[in-house]
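K.L.:
Handing you this structure, nothing more for now.
The values are calculated or read from the model by the stated rules, or taken from the named source; none is laboratory data. Not measured: the values here are computed from a predicted model. We place every Cβ from the backbone using ideal geometry, glycine too, and count neighbours over all the protein chains shown.
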Amino acid sequence: MSVDKLPAQVERLIRSEIRDMKAYQVADASGLTKLDAMENPYGWPDELLDGWLQRLRGVSLNRYPDPGAGGVREMLRQSLGLAEGLELILGNGSDELIQLILQAVAGPGRQVMAPGPSFVMYRMISASVGLAYQEVPLTPEFELDCDAMLLALAKFSPDVLFIAYPNNPSGNLFDSGDLASVIEAAPGLVVVDEAYFPFAGKTVMSWLDRYDNLLVMRTLSKSGLAGLRLGYLVGHRAWIQEFDKLRLPYNINVLTQVSAVFALEHEDVFAAQAADIRRDRKVVMDGLAALEGVRGYPSDANFILFRLPAGTADQVFTRLREAGVLVKNLGPQGGPLEDCLRVTVGTPDENRAFLKALSNVLT
Ligand SMILES: *Cc1c(COP(=O)(O)O)cnc(C)c1O
């Protein structure tokens, strides 16, 4: 094959859905205060680091990991108090779990649905496995539009419905009565994505007893272990054992397994950090409220979506970055997110730096 034929070959061999996609973009944060990706800003205290390094010494990198990561799963089972009949599966981040679920249901005529705007990976992974994707708009206040959801469920009969609870990028928890109505009406699987559970306190985990089409997904990423890549999905064994067939062997590497067990033994440290972040979320919210022309949306997560005067978001984003603060610009997603930026709650110093920079940019 000669090189000048390459573009034609790519076009012939790579599916058009893939060619039409854009790779997930991650902004370069070097030298900036990084408030764009919902990371926990806190490291571990020294004694904890020492204990962790000690534990890593015992790892056999020459051996394959425990294929089912039994140690991690058992600790999570205990910590969640899972009932008999419920099972959990681990993913290399919850992104991998979204992929497993969608690979398992993909096929001609199959449909995925989510309210929107929501987490972009639902749409991207649906496209990657050739699934049709229906987005049902949230209300202008980013609440679940229950009537619209019920109509759309009846019309499209989606095989999988994703609901982020709290939602990303809006940060709010939907009304739990609306959520229950939607789950009851859904003809297929409902995945409630609780990535921000540590900052919300509310969960539908106990609803698994009531709804056999429900799956609950969580991740350790937002609570302080984004670099580890570990997510988990809980549901009735009948579902989970099917997803487990698609899971690649050894998807959770030994370093992640050992580190996650260690971290779960010290859950209190992460809980305390989450409590600090919840406290500081209010400080950032109050700071935003004090700025003319800025509207922060109520958040149950570790970030805040905020709206700027029409047509200014791109410029404010750029000037914040010039001032050394990286947030997420949601303007390019358009629709109700035009004019919106999203800031992660950082340390008190980082939050002050952000609020000061924003205030300077706006005046
Ligand atoms: C961040 C995020 C995830 C993905 O988390 P990983 O476990 O890091 O892959 C999933 N869902 C939502 C809503 C998120 O915001």
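K.L.:
May I ask you to verify whether M121 is at pLDDT 95 or above and in contact with a Leu (Cβ under 8 Å, 6 or more places away or on another chain)?
P.N.:
No: the conditions fail for M121.
K.L.:
Further, regarding this structure: How many of the residues making up the range 224-252 are of a type outside the set (F, W, Y), outside any loop (DSSP other than H, G, I, E, B) and within 10 Å of the ligand (Cβ to nearest atom)?
P.N.:
Initially, the range 224-252 is screened for residues of a type outside the set (F, W, Y), giving 224-231, 233-238, 240-242, 244-249, 251-252.
Those still in the list that are outside any loop (DSSP other than H, G, I, E, B) too: 224-225, 231, 233-238, 240-242, 244-246.
From what's left, within 10 Å of the ligand (Cβ to nearest atom): 225, 231.
Here the count works out to 2.
K.L.:
I've got another one for you. Give me the pairs, please: first residue somewhere in the range 86-97 and part of a helix (DSSP H, G or I), second residue anywhere and more than 8 Å from the ligand (Cβ to nearest atom) and of a type in the set (F, W, Y), beta-carbon distance under 8 Å, and either six or more positions apart or on two chains.
P.N.:
Pairs that qualify, where the first residue is part of a helix (DSSP H, G or I) and the partner is more than 8 Å from the ligand (Cβ to nearest atom) and of a type in the set (F, W, Y), are S94/Y232; L97/Y232; L97/F243.
K.L.:
On to the next question. Can you find, within the range 1-17, the residue that is farthest from the chain's Cα centre (by Cα) among those that are of a type in the set (V, I, T) and at pLDDT 90 or above?
P.N.:
Step by step, filter the range 1-17, then rank; the result is V10.
K.L.:
Quick check: anything in the range 283-295 within 20 Å of Y42 (Cα to Cα) and out of contact with any Gly (no Cβ under 7 Å at 6 or more places or on another chain)?
P.N.:
Yes, the conditions are met somewhere in the range 283-295.
K.L.:
Given M38, M21, which one is in the same structural domain as V343 (by TED's automatic domain parsing), under 30 Å from A127 (Cα atoms) and at pLDDT below 95?
P.N.:
On the way: M38 fails: at pLDDT below 95.
Testing whether each residue is in the same structural domain as V343 (by TED's automatic domain parsing), under 30 Å from A127 (Cα atoms) and at pLDDT below 95 leaves just M21.
K.L.:
Output the number of the condition that T363 fails; it satisfies all remaining conditions of (1) of a type in the set (S, T, Y); (2) closer than 24 Å to N40 by Cα; (3) surrounded by fewer than 14 Cβ atoms within 10 Å (Cβ to Cβ).
P.N.:
Here T363 clears every test but (2).
K.L.:
Just to verify a result, which residue in the range 198-223, among those that are more than 10 Å from the ligand (Cβ to nearest atom) and buried (at least 22 other Cβ atoms within 10 Å of the Cβ), is modelled with the lowest pLDDT?
P.N.:
Only one residue tops the list, namely S223.
K.L.:
A follow-up question, please. If a residue has to be touching a residue at least 12 places away in the same chain (Cβ under 8 Å) and in a helix (DSSP H, G or I) to count, how many in the range 136-156 make the cut?
P.N.:
Looking only at that region, the number is 8.
K.L.:
If you don't mind, there's one more thing I want to ask. Quick one: is L100 assigned to a helix (DSSP H, G or I) and either outside the structural domain of A226 (by TED's automatic domain parsing) or surrounded by 10 or more Cβ atoms within 10 Å (Cβ to Cβ) (or both)?
P.N.:
Answer is yes for this residue.
K.L.:
What pairs can you find where one residue is in the range 192-214 and closer than 18 Å to M38 by Cβ and in contact (Cβ under 8 Å) with a residue 24 or more places away in the chain, the other is small (G, A, S) and assigned to a loop (DSSP other than H, G, I, E, B), and their Cβ atoms are less than 6 Å apart, with a gap of 6+ or different chains?
P.N.:
Y196/A301; F199/A301
K.L.:
On the given criteria, is G130 over 25 Å from A37 (Cβ atoms), surrounded by fewer than 18 Cβ atoms within 10 Å (Cβ to Cβ) and without any contact (Cβ under 8 Å) to a residue 12 or more places away in the chain?
P.N.:
no
K.L.:
Quick check on V72: is it loosely packed, with under 15 Cβ neighbours inside 10 Å, within 16 Å of the ligand (Cβ to nearest atom) and either β-branched (V, I, T) or not in a loop (DSSP other than H, G, I, E, B) (or both)? Spell out how you get there, then give the answer.
P.N.:
Numbers: loosely packed, with under 15 Cβ neighbours inside 10 Å: no; within 16 Å of the ligand (Cβ to nearest atom): yes; either β-branched (V, I, T) or not in a loop (DSSP other than H, G, I, E, B) (or both): yes.
When the stated conditions are applied, V72 does not pass them.
K.L.:
Residues that are more than 16 Å from the ligand (Cβ to nearest atom), touching a residue at least 24 places away in the same chain (Cβ under 8 Å), over 24 Å from M285 (Cβ atoms) and part of a helix (DSSP H, G or I): does the range 157-179 have at least one?
P.N.:
There is no residue in the range 157-179 that is more than 16 Å from the ligand (Cβ to nearest atom), touching a residue at least 24 places away in the same chain (Cβ under 8 Å), over 24 Å from M285 (Cβ atoms) and part of a helix (DSSP H, G or I).
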